1. What residues from segment 60-80 fall in the zone where the backbone N is under 11 Å from a label point 7 Å along the Cα-to-C-beta line of H32?
2. How large is ³J(HN,Hα), in whole Hz, for each residue of segment 17-32 in order, when computed from phi with the Karplus curve 6.51 cos²θ - 1.76 cosθ + 1.60 and θ = phi - 60°, using x for Gly and Pro?
3. For segment 20-99, what Kirkwood radius comes out of the mean inverse Cα-Cα distance, in Å?
4. What FRET efficiency comes out for E51 versus E81 if R0 is 25 angstrom and r is the Cβ-Cβ distance? Round to the nearest 0.05.
5. Which of rounded, prolate or oblate describes segment 1-66 when judged by the alpha-carbon gyration tensor and an a/c cut-off of 1.5?
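The numbers here are math on the coordinates, done by the rules we state, and not lab data. Because the structure is a prediction, the values reported are computed rather than measured. Here the Cβ is made from the backbone with ideal geometry for all residues, glycine too, and neighbour counts use every protein chain on show.
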Amino acid sequence: AEVFEHPELLELCVDILRADLRLVDTYDPADHRRIETPITAVGGATDDTVEEAGFVAWGNFTSSEFNSHLFSGGHFFLHDEPSTFTTWLMRHLATRLEF
């Protein structure tokens, strides 16, 4: 309900949703090109909606480095301990970016 009270936020959300739906509509699994960008997949260790094979399969989409990290929790692990993820993300980025 709060999103509908703020036109700028609503527009942002609609644009993101529209882009997501465009990707779903145009996705061709036969077009399996790899990107040259590192990918890090994160997830919840007790997520019952994503099998480990699906999680690790993200590595097939890059010709560069692939990393993965599991956090305690399920599919919405970010809701349980957001500061744990934020701290990990900042450390992860700091090891990969030059400042």
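1. Residues passing the 11 Å test: 60-61.
2. 4, 4, 5, 4, 5, 5, 4, 4, 5, 9, 5, 10, x, 6, 8, 9
3. 14.4 Å
4. Efficiency for this residue pair is about 0.65.
5. Prolate, since a/c reaches 1.5 and a/b exceeds b/c.
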